[in-house]
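Worksheet: the structure to be examined is printed underneath.
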Amino acid sequence: MARQHLPLRAVVARVIHAVSEGQSLSDALPPALAQVSDEERSQLQAFCFGTCRWYHRLQAELQTRLHKPLRKGDRIVVPLLLVALFQLRHSGQADYAIVNETVEACRSLGKPHLAGLVNAILRAAQRDGEPEPASAAAALSHPEWMVEKLRHNWPDHWQAALEANNVQGPMTLRVNRRQISRDDYLQQLAEAGIQAQATRFATQGIQLEKPCGVDQLPGFAEGRVSVQDEAAQLCTQLLDLAPGQRVLDACAAPGGKTCAMLEAVEGLEMVALDQSDHRLNRVRENLDRLGLNAQLAAADAADLDNWWDGQPFDHILLDVPCSGSGVIRRHPDIKLLRREQDIAGLAQVQLNLLERLWSTLKPGGRLVYATCSVFPQENHRIIQRFMKAHEEAALTLPEDLAWGLDTGAGRQLFPETGSHDGFFYACLTRMDDQAANRTPTS
């Protein structure tokens, strides 16, 4: 794509506008990156992520300064102003440069008639400083429905979780135990000048003091290590994996948990599914880099007739599609994209997947249900609903786990500043001695 000669701030404004209209950052960023110089790319990403992260607080401030709405054709100026406010409040760049460059970006976007308004709003913001937020939603920079839902469900944890969402998550690694021990890899990092420490809960995890490119990690290309948050690594602690077992990773992309299980135990017969063949390519790439093997299939896990051969599984990892509310700090556009009404629909998908895949589990087999959500409707309430209908299902999470909050139907991790993401795990064991081979009803 040929580069359009737009100032950096104008390109960022277009990305933020696209996200506000429902496009994800992962979709909006690549074409934008093609429009800026190599030197500007890291700035572009930082401005886009930062503006999304603080969007609701910035929007609340802008509403106090923009006294009447802009015409529909002029609304690109709103994200431009939000980007400038983000820089004024968080970037450390000289205020006069932010104001002047934003005014020029306004002109380059074909809105010269609004240059005076942009200048006046930003001069006032520079002069007056940031106003005191009028609500918790504005102060914590989250949509109001999300704040209220978390405050209601988690009165002792909601504020710390929301504050953690506004801090970039650490870069965490999973050491490939087939190739090297965690202690030895920590030594290799130290020799490479990379400061790091072992994670608290994940036995193969290492947390870096500062993020770095994977090309700087010793042996990354050879499969010595992978990038994976500590919370996502914990699934291997819940499955009693042994050589020769048949294991299903039902919603596998991008393949981090698939690979973690294969690294943990040699000789697994691993089946990895994902609806998207494109996303399944990420699984293939990770398997190839790590020298691991799995049977891959692009299929809806709930559509058993389309992929299941009738042979039951010893273990199933069901990492269901969810709201992503536990990983907002890594995907801040979730704050703009997710709607409260989405949760009920997601919960129905989650329960349906659990119901359908339960019939493919051997008697005595374990199913680990996982989400990267902090909403009870997607987590322990799903497990409670399922268990009411299945007397043969028993909760079998280990009692000695050192992590997470016990909900009575699984363990909830909240995002922690400087530590792991938000995650939920439940472990169900099938106690009956029949029906694992019967054909499920539609």
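The values are calculated or read from the model by the stated rules, or taken from the named source; none is laboratory data. Remember, predicted model here, so these are calculated numbers, not experimental data. Reconstructed Cβ throughout: ideal geometry from the backbone, glycine too, with neighbour counts over all protein chains shown.
In table form, for the structure just shown:
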quantity	calculated
Helices (runs of 4 or more DSSP H) wholly inside region 65-151 that include at least 1 residues being in contact (Cβ under 8 Å) with a residue 40 or more places away in the chain, charged (D, E, K, R) and not assigned by TED's automatic domain parsing to the domain that holds F375	77-90, 95-108
Condition met for R385 (modelled with pLDDT of 95 or more and under 25 Å from the mean Cα position of the chain (by Cα))	no
Out of R289, R282, sole residue that is over 30 Å from Y55 (Cα atoms) and under 21 Å from the mean Cα position of the chain (by Cα)	R282
Residue among W54, W158 that is free of Cβ contacts under 8 Å to residues at least 40 places away in the same chain and surrounded by 15 or more Cβ atoms within 10 Å (Cβ to Cβ)	W158
Listing of strands (runs of 3 or more DSSP E) fully contained in region 334-415 that carry 2 or more residues being surrounded by 15 or more Cβ atoms within 10 Å (Cβ to Cβ) and among the basic types (K, R)	361-371
Residue in region 211-254 that is surrounded by the most Cβ atoms within 10 Å (Cβ to Cβ), counting only those that are more than 23 Å from the chain's Cα centre (by Cα) and among the hydrophobic types (A, V, I, L, M, F, W, C)	V247
Enumeration of residues in region 131-152 that are surrounded by fewer than 17 Cβ atoms within 10 Å (Cβ to Cβ) and farther than 18 Å from S373 by Cα	P131, E132, P133, A134, S135, A136
Filter result for W307 (in contact (Cβ under 8 Å) with a residue 24 or more places away in the chain and touching a strand residue (DSSP E or B) at 6+ places or on another chain (Cβ under 6 Å))	yes
Number of the exception - G418 against (1) at pLDDT 95 or above; (2) out of contact with any Lys or Arg (no Cβ under 8 Å at 6 or more places or on another chain); (3) outside any helix (DSSP H, G or I); (4) not acidic (D, E)	(1)
Residue within region 180-188 that is more than 30 Å from Q216 (Cα to Cα) and surrounded by 14 or more Cβ atoms within 10 Å (Cβ to Cβ) present	no
Which numbered condition Q275 misses (of (1) surrounded by fewer than 17 Cβ atoms within 10 Å (Cβ to Cβ); (2) under 26 Å from H420 (Cα atoms); (3) within 19 Å of the chain's Cα centre (by Cα))	(2)
Residue that is farthest from L162 (Cα to Cα) [pool: residues in region 24-67 that are aromatic (F, W, Y) and touching a Phe, Trp or Tyr at 6+ places or on another chain (Cβ under 9 Å)]	F47
Any hit, region 308-321, residues being surrounded by fewer than 20 Cβ atoms within 10 Å (Cβ to Cβ), of a type in the set (A, V, I, L, M, F, W, C) and farther than 18 Å from K149 by Cα	no
Enumeration of residues in region 4-25 that are surrounded by fewer than 18 Cβ atoms within 10 Å (Cβ to Cβ) and without any contact (Cβ under 8 Å) to a residue 60 or more places away in the chain	Q4, H5, E21, Q23
